[in-house]
Amino acid sequence: MLIHKTASAGTLESNDVLVTVAPGSGIQVHVESVVLAQFGGQIRETVLDTLSRLQVTDAVVRLNDMGALDCTIAARVEAAVRRAGGDA
Amino acid sequence: MNKLTSNLADAIRASGLQSGMTISFHHHLRNGDGVLNLVLAEAARQGIRDLTLQASSLFDVHLPLLDHIKSGVVTGIETNYMSAGIGRAISEGVLEKPVIFRSHGGRPAAIASGRVVIDVAFIAAPAADSMGNANGVSGPAACGSLGYAMPDARYAKRVVVITDHVMPYPLSPCPIEETDVDIVVQVPSIGDPKGIVSGTTRITRDPVGLSIARLAAQVIEHSGLMKDGFSFQTGAGGASLAVTEYLKPILRAKGIQGSFGLGGITGYLVDMLKEGYFAQLLDVQCFDLTAVESIRDNPQHQEISAERYASPNARSCAVKSLDAVVLGATEIDLDFNVNVHTDSNGYIMGGSGGHSDTAEGARLSLIVAPLFRARLPIIMDKVTTVTTRGSAVDVLVTQRGVAVNPRRPELKAGLAAAGLPVLDIRELQSLAHQFTGVPRAVKPQGRVVAKVEYPLGGIVDEIRSVIS
């Protein structure tokens, strides 16, 4: 999927994550998280898996994570990608 | 004889306060307290340095303390609890000497034994007379019980009562008595009522918290302790408070007459007293306005000192007569050790308060906690900091089931026979990991910034600085 514009999904509530997706070249993922020390690697992996499933090859993805579970992260990334890609 | 002055500077000079001394404060005004900041600012103005602060708790309203640390006015801190703003600075190493953490019972025990010597106690008093008789139930900053201040008044070398509400002699009631008081200072305000007591405390509406509370009440029901004379304490946290609401129908159905509710008292325990579930409340600290009004108006609602509450050196104390206590946890480990001192990144954000005292004293100690909060599993292989030893903890209650300490096989059998979901603590941990993943262990590796002293004495754990 092609990223045409900047879009976001999610909130800054506890247990949620705010994901912003913007056009870019290649994949860049920036993670800020209250559980970065404990789960930084897993969060990044979930983002990359979701992007790959949606066939996104060029995007800048920023996460402001308040302790979301992987299912939440995947859902927020997908929603942001679809909004940024003009699907939704 | 005149003890009363309206000049704090004169009072501090008259108290004999000098550099290097230990000064004490109580925390009944909580995050509305104005007295600690007033005294430290005046001490700094007088050029006094190298003070050790002996505080029953510190809140973020006391953040000006950090400036007094940086300028050398305060060089030591001993306390039972520290809120996250001050805790963060301590964790980052602002104070050279390690903080000594005690518990609400360990502190008066250390003071009474002479191991901790208070040179000057500064006692914030919502009401006082000109001779220093003081209470917490009158005046604009009424906070209810003054339980944590009583040992300070009794054992300190010099006692300064600071009030904004002078009443005619002789004041009654007087948990702080004139026999112990050297000086009375009248100031315009001792604190902001909005930060002292909340208007009401509310039980959680979170469905996870409510299901934990319901299960905790069932554990107590089937613990063998539900008999006439039942006694109970709960923390003021979300799920802990909700346990009271689930206990009432159980007590009613069984026709049980309880003996006392203990602790930090909230409106929920006051309701239980009024509705006849308990004969007495023993109150070391009031958490809301309902509790303040009740301790003022109801003779069955007794004010008790921190010594009577929980001092292990006293000939007896209330926690040793306590049947069940419901407590929270930031982390609990596979050996049932509990941490309420540090967050999962190692930053100080709390302290024992009465956690270890009540867990050690009560016949049944329940820890209520969700399986995870903001992705962090509550059950760890090892807690970041040991506040309360696992040997004092009987049951962990989560939304998915309860884990019983292997030291209590008869309790485990009784709960299982009652049909409660009893699991091994490792099973609950892996259940949490199915949702969260397995966290990478984080343990700060810097220098020692705090030591945790257990109620009976002895250091149970050390807290190291977080190096970012």
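The values are calculated or read from the model by the stated rules, or taken from the named source; none is laboratory data. From a predicted model like this one, the values you see are computed outputs, not experimental measurements. All Cβ positions, glycine included, derive from the backbone under ideal geometry; neighbour counts span all protein chains shown. Areas reflect the complete protein model, heavy atoms only, side chains present, ligands, DNA and RNA absent. Shrake-Rupley method; radii C 1.70, N 1.55, O 1.52, S 1.80 Å.
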* Among B:152, B:182, B:164, which is the only one that is within 20 Å of the chain's Cα centre (by Cα) and of a type in the set (Asp, Glu)? -> B:152
* **Residues satisfying the stated conditions in region B:445-459, i.e. more than 18 Å from the chain's Cα centre (by Cα) and open to solvent by 20 Å² or more (accessible area, probe 1.4 Å)** => B:445, B:447, B:448, B:458, B:459
* **Residue selected from region B:400-418 under the condition closer than 13 Å to residue B:364 by Cα and either more than 31 Å from the chain's Cα centre (by Cα) or of a type in the set (D, E, K, R) (or both), by the criterion surrounded by the most Cβ atoms within 10 Å (Cβ to Cβ)** => B:412
* How many residues are away from chain B (no Cβ under 14 Å) and either part of a strand (DSSP E or B) or of a type outside the set (A, V, I, L, M) (or both) when one looks only at region A:33-59? -> 7
* Structure fact -> Within region B:277-291, residues being open to solvent by 30 Å² or more (accessible area, probe 1.4 Å) and either on the phi > 0 side of the Ramachandran plot or hydrophobic (A, V, I, L, M, F, W, C) (or both) number 3
* For region B:362-379, enumerate the residues that are touching a residue at least 60 places away in the same chain (Cβ under 8 Å) and either away from chain A (no Cβ under 14 Å) or open to solvent by 20 Å² or more (accessible area, probe 1.4 Å) (or both). => B:362, B:363, B:364, B:366, B:368, B:369, B:370, B:372, B:376
* To do: Please specify each residue of region B:419-441 satisfying the condition of being assigned to a loop (DSSP other than H, G, I, E, B), open to solvent by 40 Å² or more (accessible area, probe 1.4 Å) and of a type outside the set (D, E, K, R).
  => B:419, B:421, B:438, B:441
* **Members of region A:60-74 found to be under 15 Å from residue A:18 (Cβ atoms) and either open to solvent by 60 Å² or more (accessible area, probe 1.4 Å) or assigned to a strand (DSSP E or B) (or both), listed by number** => A:60, A:61, A:62, A:63, A:64, A:65
* For residue B:427, state whether it is within 14 Å of chain A (Cβ to nearest Cβ) and of a type outside the set (Gly, Ala, Ser). => no
* Structure fact -> The residue from B:189, B:223 that alone is of a type in the set (Ser, Thr, Tyr), in the same structural domain as residue B:138 (by TED's automatic domain parsing) and either within 21 Å of residue B:296 (Cβ to Cβ) or open to solvent by 10 Å² or more (accessible area, probe 1.4 Å) (or both) is B:189
* Asked: Across region B:81-98, what is the total count of residues that are in a loop (DSSP other than H, G, I, E, B) and among the basic types (Lys, Arg)?
  -> 1
* To do: Can you give me the ranges of the strands (runs of 3 or more DSSP E) entirely in region B:292-347 with at least 3 residues that are within 14 Å of chain A (Cβ to nearest Cβ) and crowded, with 24+ Cβ neighbours inside 10 Å?
  => none
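Conditions (1) within 27 Å of residue B:312 (Cβ to Cβ); (2) of a type in the set (Lys, Arg); (3) touching a helix residue (DSSP H, G or I) at 6+ places or on another chain (Cβ under 6 Å), marked per residue:
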position	(1), (2), (3)
B:94	no, no, yes
B:105	yes, no, yes
B:111	yes, no, yes
B:133	no, no, yes
B:147	yes, no, yes
B:151	yes, no, yes
B:166	no, no, no
* Test for residue B:352: is it in the same structural domain as residue B:314 (by TED's automatic domain parsing), under 27 Å from the mean Cα position of the chain (by Cα), within 30 Å of residue B:286 (Cβ to Cβ) and assigned to a loop (DSSP other than H, G, I, E, B) -> yes
* With respect to residue B:386, is the statement that it is within 27 Å of the chain's Cα centre (by Cα) and either within 14 Å of chain A (Cβ to nearest Cβ) or assigned to a strand (DSSP E or B) (or both) true? -> no
* Consider only pairs whose beta carbons are under 7 Å apart and that are at least six residues apart or on different chains; among these, list those whose first residue lies in region A:1-21 and is assigned to a loop (DSSP other than H, G, I, E, B) and whose second residue is hydroxyl-bearing (Ser, Thr, Tyr). => A:6/A:20; A:16/A:72
